[in-house]
């Protein structure tokens, strides 16, 4: 049986040390490494060793009883949470480590919410119980209060407390218990099912560093988990990681969902079919090559040249979307002696490994920009570039990533007809609900515009993020419908419909009420009762909103939404006035109306009439000469009205 287990936690909760113990007890490694000694098996990258934190989601393999376990040690720092989320999508089960010293922290709640989104059955391990003054029972209560009331104590399997806990959640089992008493196999199977269906979550405790309770936990985990992958079905897989090896080969990491995969098999993803040239099984930074892999396994392959993280492979063609989205962007700074193409090539390579970077080349300003979660990520990127590509970069001050939308439907018209060129496009642009991105519809008749040209319009609308008029930020939350258009059998050439489409989009935006959007956090704050006034005042000053506070014992819980721009550095202030006793959870909550639109527009200083990539002006032709028609006169000049 193949089982993929993820280890997740807030930074410094002991994930890597815990993983080392599992590998040691199953004789995968001969000695246990430690993060602070820079000799751990899974944090093998030099940057991870130097910083003492996990940055990359690396995996180890061990066998226990009749199962093969793939264990993924994930980053705990919020700046690397996209890497963590990409690993979550292939986990069969997850283990959340919680420090008995610190309890449930802000990032723990983020981890929990992601696991719930992906419906990953979850275990808890309360770590560091060897520290003086810690109490695992109180941490268990804290988990129940903050995360889920369905967390059971796994310290003793099927003691009276656990039997009662399960019976409360299954009336049929309770009735059987009252009639015939306790049957261990029946209760064990029921517990396994309830864990797999996310109805209950089991919790144990111990100390990874002192090796207390870890092996006992593994034993119970083995009994209470099961998978049922079918290797006889058609081949399906999911891409969860991209790397490049020392030779520069692109290595695509797959979770096999069904079927088998052999070297030289041809597999389909998107519109491509490519041949697998090698299959690797990685444990730490070392790998072995194999000829075949089967359902349930994690493997890495060579031969897939453009597959990206989240792609479905084979019969699985679903694309996974991710919640952990960067809200900051930063300019890449580098010495003029390094050719810009070399820098861009290197960052594009990093972009395939971490698609959340969204590396962007600004042709007009000749600048490279990256999207990031925070300043620690920028520091690490500097080290990665130096180590892998042997040149130095730095980064500009991170800025908020704004977006734009419209408030009401508009029609946009674009015409492109310099001499011996011809294309015309009519669009309907409508606002949609928040955080839906850009969607496309088509009601154009083939008699008006050929199917091939209709597809060109669709391609050009979806090929990139389009600039809004207020700040030049990405247009979002709109549905764009192709109404009609016109081409010419002789004069329409490649690129004509791109010109007409962009002009139609821009002409529509010129007539629209444009809206600036900014990223928001969904926050959850837990503090002592006497601090509620301070916290609510801070939230209001940050232009946030809050729900009615909830009392829980001598604490109060406050939930709401607040702009990232005003709250991104609040954790330091919060830790100071709560003396580290409060908890602050910040989860990206999508985009909404900007709280200081005019201020942002003025600070960015975007000139919509001087954007080299966009114009709302159409071009018509008369007497063999092209002439320009401004957006406010273009509609009347169109040919197919």
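Each value in this text was obtained by applying a stated rule to the coordinates, not by laboratory testing. Small disclaimer: the values here were computed from a predicted structure and weren't measured. So basically every Cβ, Gly included, is an ideal-geometry build from the backbone, and we count neighbours across all protein chains shown.
Highest mean first, the peptides 482-495, 554-567, 336-349 sorted by other C-beta atoms within 10 Å per residue fall in the order 554-567, 482-495, 336-349. For the chain, the longest principal axis of the Cα atoms and the long axis of helix 496-511 meet at an angle of about 80 degrees.
Computed packing ranks the peptides 93-104, 274-285 as 93-104, 274-285, most packed first, by mean other Cβ atoms within 10 Å.
Would you please give the FRET efficiency between residue 579 and residue 287, computed as 1/(1 + (r/R0)^6) with r the Cβ-Cβ distance and R0 = 56 Å, to the nearest 0.05? Intermediate values should be presented prior to the final figure.
On the way: r = 47 Å, r/R0 = 0.84.
After rounding to 0.05, the efficiency reads 0.75.
In degrees between 0 and 90, to the nearest 10, how far off the longest principal axis of the chain does helix 136-146 point, with axes built from Cα atoms? With both axes taken from Cα atoms, the answer is about 30 degrees. Ranked by the mean number of other Cβ atoms within 10 Å of their residues, highest first, the peptides 6-12, 179-185, 525-531, 246-252 come out as 6-12, 525-531, 246-252, 179-185.
Do you know the relative contact order of the range 236-314, to the nearest whole percent, from alpha carbon pairs under 8 angstrom that are 6+ apart? Don't skip to the end; give the middle numbers.
Working: 184 pairs, mean separation 31.0, N = 79.
Result for the range 236-314 is 39 percent.
Mean separation of Cα pairs under 8 Å and 6+ residues apart, divided by the residue count of the chain: what relative contact order is that in percent?
Working: 1321 pairs, mean separation 66.4, N = 641.
Reported as a whole number, the value is 10 percent.
Contact order for the range 2-224, expressed relative to its length and based on alpha carbon pairs under 8 Å spaced 6+ residues apart, stands at 22 percent.
Length gained on full extension, residue 537 to residue 271: 90.4 nm, using 0.36 nm per residue less the C-alpha separation.
For the range 297-343, what does the alpha-carbon gyration tensor say about shape, rounded, prolate or oblate, given a ≥ b ≥ c as the root eigenvalues, a/c under 1.5 as rounded, and a/b over b/c as prolate? Could the numbers behind the result be given before it?
Values: a/c = 3.58, a/b = 1.75, b/c = 2.04.
The shape class here is oblate.
Relative to the longest principal axis of the Cα atoms of the chain, the long axis of helix 184-196 lies at roughly 20 degrees.
Quickly estimate the mean residue ellipticity at 222 nm for the chain, helices only: each DSSP H run with n ≥ 4 gives -39500 (n - 2.57), and the total goes over all residues, rounded to 500.
Details: 18 runs with 184 residues, N = 641.
The helix contribution divided over the chain gives -8500 deg cm²/dmol.
From the square roots a ≥ b ≥ c of the eigenvalues of the alpha-carbon gyration tensor of the range 236-314, which class results: rounded (a/c under 1.5), prolate (a/b over b/c), or oblate?
Values: a/c = 1.42, a/b = 1.17, b/c = 1.22.
Judged from the Cα gyration tensor, the range 236-314 comes out rounded (a/c under 1.5).
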